[in-house]
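Engineer: I'd like to ask some things about the structure below.
Read the figures in this text as sums done on the coordinates, not as results from a lab. Treat the numbers as computed from the prediction; the structure is a model and nothing was measured. So basically every Cβ, Gly included, is an ideal-geometry build from the backbone, and we count neighbours across all protein chains shown.
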Amino acid sequence: MIPQKEILKALEAYHPKKMAIGTICSHSALQIFHGAKREGFRTVGICTEDRRELYESYPLARPDVIIPVKKFSDVLSDRVQSELLAENVVIIPHGSFVEYVGAKNLEDQFRVPVFGNRRSLQWESSRKQVKEWLKKSNCLVPKEFKHPKDIDRICIVKFSGAKGGRGFFLTTSEEDYKRKMQEKIQKRVVSAEEAQHVTIQEFVNGVRYYPHYFSSPFENNGKGRVELLSMDKRLESNVEEIYRILAAGTLQELKINPTYVVTGNAPQTIRESLLPELYGMGRRVHESSKKLFGGIVGPYCIECVVTPELDIYSFEISARIVAGTNLYPEGSFLSAYLFKEPMSTGRRIARELKTAITKKALDQVVY
Ligand code: AMP
């Protein structure tokens, strides 16, 4: 693990007025560049050739500098890391960044300053640790089953590291589980190895919410503040519109299994009476992160489901900017109550970095 001391040393060589914001051209990069430009930062995009046309096509969100790569994992190479350091870049790690680079490689091999606490990325990549984190935060979590023989209700089966829902399936019994798992392996949706490391989790039936939080150490006269900036709902294929096929028969008759592969996001709001608990969850997740790994800084999201009894179950934490925030480049129905100007999560990150530069307190938000 590269110690924070070493990263801060690299940062000392940066010229504060020339500091740039950079990321991989994917996930929420347009929003990040757009927000950074609005706060007056130069922007640097790490881009593959096939994406260049798109990222250059938005004048208000295109990166000022493009570092070309053959594949995104090249960001770990000496060449790209040296270029990023020479450009005085602070990296904003988004979901694709973590996916392509790997949380462990980020901790061990990435010498470029990263916004936030890079230890939080390691925590979000382990389902076991996320569960511990949620429990320590007094969040209601779905029941889990260690062995398929214990399955006594509708469960969702998740593969480790398979963010984005790839391969997930529903099951109701041990027999059904074994049959479906065998089918997944035969069709090479998952490997036999992946099938060994699954989470069998109670399926919580209700409406999903993905609230977007931001924790700032500077607000509130330096006491810190958790902000609930916006929220979304993920659009997942094919479950989202599966009802459209039901005119032809039941799912069982048609031999169709719902799948949960993320394809996009939709805006969503929640009853105001549920906001206090939703906000409290974000604050508690931030509080407990301090004890677990030194604290989460900047954007994060808790994935949850609200049941008909109005209980809020949490099943996942994303410890960085989530793609659902792309819906709000001009701010949201909640950020309007926090900031006078349009405030996206991308812009909020840039604003925090600017505050840290002014206060000479980059060590509080960069690791
Ligand atoms: P995840 O990779 O944990 O974010 O899960 C992918 C998707 O599966 C989520 O966005 C939900 O739609 C669904 N999902 C995951 N866990 C549960 C659960 N316990 N109950 C209901 N739906 C879930």
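Engineer: Counting only residues 5 or more places away or on other chains, whose amide H sits under 5 Å from the amide H of Leu140 once H atoms are built in the peptide plane?
Structural biologist: Under 5 Å from the amide H of Leu140 lie the amide H atoms of Ser314, each far enough along the sequence or on another chain.
Engineer: Of the cross-linked pairs Lys128/Lys255; Lys131/Lys158; Lys17/Lys37; Lys143/Lys184; Lys18/Lys359; Lys5/Lys360, which ones have a Cα-Cα span greater than 22 Å in the structure shown?
Structural biologist: Beyond 22 Å: Lys128/Lys255; Lys143/Lys184.
Engineer: Sticking with this one: If I build a Gaussian network model for the chain, linking alpha-carbon pairs within less than 10 angstrom, which residue out of Ser120, Ser191, Ser237 has the largest mean-square fluctuation?
Structural biologist: Taking springs between Cα atoms under 10 Å, the residue moving most is Ser191.
Engineer: Per 0.36 nm of contour for each residue apart, how much would the distance between Glu49 and Lys17 grow if the chain were fully extended, relative to their Cα-Cα spacing?
Structural biologist: Contour length minus the Cα-Cα distance gives 8.5 nm.
Engineer: Related question: Once you've got the GNM for the chain with C-alpha springs shorter than 10 Å, pick whichever of Asn265, Asn221, Asn105 has the biggest mean-square fluctuation.
Structural biologist: Asn221
Engineer: Would you pull out the residues with amide H under 5 Å of Gly331's amide H, same chain only if 5 or more places away, H placed 1.01 Å from N?
Structural biologist: Those qualifying (amide H under 5 Å, at least 5 residues apart or on another chain) are Met343, Ser344.
Engineer: Can you run phi through the Karplus equation (6.51, -1.76, 1.60; θ = phi - 60°) for segment 9-16 and list ³J(HN,Hα) in whole Hz, with x for Gly and Pro?
Structural biologist: So the J values, rounded to whole Hz, are 5, 4, 5, 4, 6, 6, 8, x.
Engineer: Which whole-Hz couplings ³J(HN,Hα) result when phi for each residue of segment 201-218 is put into the Karplus expression 6.51 cos²θ - 1.76 cosθ + 1.60, θ = phi - 60°, listed in order with x for Gly and Pro?
Structural biologist: Once θ is set to phi - 60°, the couplings for segment 201-218 become 10, 3, 7, 8, 8, x, 9, 7, 9, 10, x, 9, 10, 9, 10, 10, x, 8 Hz.
Engineer: Non-local amide H neighbours of Thr43 (under 5 Å, H modeled in plane, Pro and chain starts lacking H): which ones?
Structural biologist: Answer set, sorted by chain and number: Ile21, Asp64, Val65.
Engineer: Which net charge results when you count Lys and Arg as +1 and Asp and Glu as -1 among the other residues whose beta-carbon is under 10 Å from that of Val44?
Structural biologist: Surrounding charge for Val44 is -2.
Engineer: Does anyone have the angle between helix 174-186 and the longest principal axis of the chain? Alpha-carbon axes, 0 to 90°, nearest 10?
Structural biologist: Taking Cα atoms only, the helix is inclined about 60 degrees.
Engineer: While we're on this one: What does the helix-only formula give at 222 nm for the chain: each DSSP H stretch with n ≥ 4 adding -39500 (n - 2.57), the total divided by the residues, and the result rounded to the nearest 500 deg cm²/dmol?
Structural biologist: Calculated at 222 nm, the ellipticity per residue is -9500 deg cm²/dmol.
Engineer: Which of the three applies to segment 4-114, rounded, prolate or oblate, going by the alpha-carbon gyration tensor with a ≥ b ≥ c and a/c under 1.5 meaning rounded?
Structural biologist: Oblate, since a/c reaches 1.5 and b/c is not below a/b.
Engineer: On to the next question. So what are the radius of gyration and Dmax for the Cα set of segment 174-262, in Å?
Structural biologist: According to the Cα coordinates of segment 174-262, Rg and Dmax are 19.9, 61 Å.
Engineer: If you don't mind, there's one more thing I want to ask. If you average 1/r across every pair of different Cα atoms in segment 144-202 and take the reciprocal, what Kirkwood value do you get, in Å?
Structural biologist: 11.3 Å
Engineer: Pairing the Cα long axis of helix 345-358 with the longest principal axis of the chain, what angle in degrees results, from 0 to 90 and rounded to the nearest 10?
Structural biologist: Approximately 30 degrees, to the nearest ten.
Engineer: Right, next: Please state the Cα pair-distance histogram of the chain with 10 angstrom bins from zero: what percent is in each bin?
Structural biologist: In order of increasing distance, the bins hold 5, 23, 33, 24, 12, 3, 0 percent.
Engineer: Something else: Go through the cysteines of the chain and tell me which have no other cysteine Cβ under 4.7 Å away.
Structural biologist: Cys139, Cys155, Cys301, Cys304 - these cysteines have no disulfide-compatible partner (Cβ-Cβ under 4.7 Å) in the chain.
Engineer: Relative to the longest principal Cα axis of the chain, at what angle does helix 29-38 sit, 0 to 90 degrees, rounded to 10?
Structural biologist: The angle comes out at about 30 degrees.
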